[in-house]
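Notes to accompany the following structure.
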Amino acid sequence: QQPVQSPQAVILREGEDAVINCSSSKALYSVHWYRQKHGEAPVFLMILLKGGEQKGHEKISASFNEKKQQSSLYLTASQLSYSGTYFCGTDFPNDYKLSFGAGTTVTVRA
Amino acid sequence: DTGVSQDPRHKITKRGQNVTFRCDPISEHNRLYWYRQTLGQGPEFLTYFQNEAQLEKSRLLSDRFSAERPKGSFSTLEIQRTEQGDSAMYLCASSRGQGVTYEQYFGPGTRLTVT
């Protein structure tokens, strides 16, 4: 039930864009996105709910395709501070816990 | 809002010893989660509490693991007869509300090394 994230890693220069994908083999209720910097705790970025509601970081954008059971996180005009490992967490109807993907490591270089 | 705190931050123990970790959630949060994270992986769900009630425990969690949340405040995670495979970062998270539609706030984690 663990979601699959792609790509595993991406290297960007400041100002470039990237997309991180998260897909599930089961119908999803919500998708959560977190960013974790080395040696630190994961930090909440965004929740996307079935039906289109979103809650989260104003500068982060994401989409949730319910038919494809897939979510994408968009890093636009990347900054050095965007570096870290991004995890998606998924939950299913009537299942009140998150299953996290293996993460996508983003490195933004000056 | 002082955030989620965990204690200790690091623990080194010998195989076969028992260890206990503590998590203090954000005060108004009624949900508390425990996760385990190994290098290169995302957090793996272990168990969660709604107030003082433990509502679910991962099927992957052996009987050597036990968690409590007395009075719905702080929580403890105990590992008995530790094994080298238990070496990992143990993360605690809390959230308000009764579902997963609320963001989870993670603590800094306890890194366990079993020698």
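The values are calculated or read from the model by the stated rules, or taken from the named source; none is laboratory data. Since this is a predicted model, take the numbers as computed values, not measurements. Note: ideal-geometry Cβ built from the backbone for every residue, glycine included; neighbour counts use all protein chains shown.
Brief remarks follow.
- Output for the stretch A:25-45, where each listed residue is in contact with a Pro (Cβ under 6 Å, 6 or more places away or on another chain) and farther than 15 Å from B:Pro108 by Cβ: A:Tyr29
- Some residue of the stretch A:5-17 being within 9 Å of chain B (Cβ to nearest Cβ) and within 12 Å of the chain's Cα centre (by Cα): yes
- Residue within the stretch A:1-24 that is crowded, with 18+ Cβ neighbours inside 10 Å, among the aliphatic types (A, V, I, L, M) and under 25 Å from B:Cys92 (Cβ atoms) present: no
- There is no residue in the stretch A:11-24 that is over 30 Å from B:Arg111 (Cα atoms), touching a Gly at 6+ places or on another chain (Cβ under 9 Å), in a loop (DSSP other than H, G, I, E, B) and touching a residue at least 60 places away in the same chain (Cβ under 8 Å).
- Within the stretch A:43-97, strands (runs of 3 or more DSSP E) holding 3 or more residues that are buried (at least 16 other Cβ atoms within 10 Å of the Cβ): A:43-49, A:70-75, A:84-91
Yes/no per residue for (1) closer than 22 Å to A:Gly39 by Cβ; (2) polar (S, T, N, Q); (3) not in a loop (DSSP other than H, G, I, E, B):
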site	(1), (2), (3)
B:Gly40	yes, no, no
B:Leu46	yes, no, yes
B:Glu56	no, no, yes
B:Leu60	no, no, no
B:Asp63	no, no, no
B:Glu78	no, no, yes
B:Cys92	yes, no, yes
B:Leu112	yes, no, yes
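- Of residues in the stretch B:39-57 being within 10 Å of the chain's Cα centre (by Cα) and of a type in the set (A, V, I, L, M, F, W, C), the one farthest from the other protein chains (Cβ to nearest Cβ): B:Leu46
- Of the residues screened, B:Leu39 is one that is out of contact with any strand residue (DSSP E or B) (no Cβ under 6 Å at 6 or more places or on another chain), at pLDDT below 95 and closer than 17 Å to B:His10 by Cβ.
- Search result, residues across the stretch B:69-84 that are surrounded by fewer than 14 Cβ atoms within 10 Å (Cβ to Cβ) and in contact with a strand residue (DSSP E or B) (Cβ under 6 Å, 6 or more places away or on another chain): B:Glu78, B:Gln84
- Selection count where residues are in contact (Cβ under 8 Å) with a residue 40 or more places away in the chain and within 13 Å of the chain's Cα centre (by Cα), scope the stretch A:46-72: 3
- In the stretch B:58-92, the residues that are facing another protein chain (nearest Cβ under 10 Å) and more than 22 Å from B:Gln17 (Cα to Cα): B:Ser58
Conditions tested, residue by residue: (1) out of contact with any His (no Cβ under 7 Å at 6 or more places or on another chain); (2) within 14 Å of chain B (Cβ to nearest Cβ); (3) not charged (D, E, K, R).
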{"residue": "A:Arg35", "(1), (2), (3)": "yes, yes, no"}
{"residue": "A:Val43", "(1), (2), (3)": "yes, yes, yes"}
{"residue": "A:Leu49", "(1), (2), (3)": "yes, yes, yes"}
{"residue": "A:Ser61", "(1), (2), (3)": "yes, no, yes"}
{"residue": "A:Glu66", "(1), (2), (3)": "yes, no, no"}
{"residue": "A:Ser83", "(1), (2), (3)": "yes, no, yes"}
{"residue": "A:Asp95", "(1), (2), (3)": "yes, yes, no"}
{"residue": "A:Gly101", "(1), (2), (3)": "yes, yes, yes"}
{"residue": "A:Thr107", "(1), (2), (3)": "yes, no, yes"}
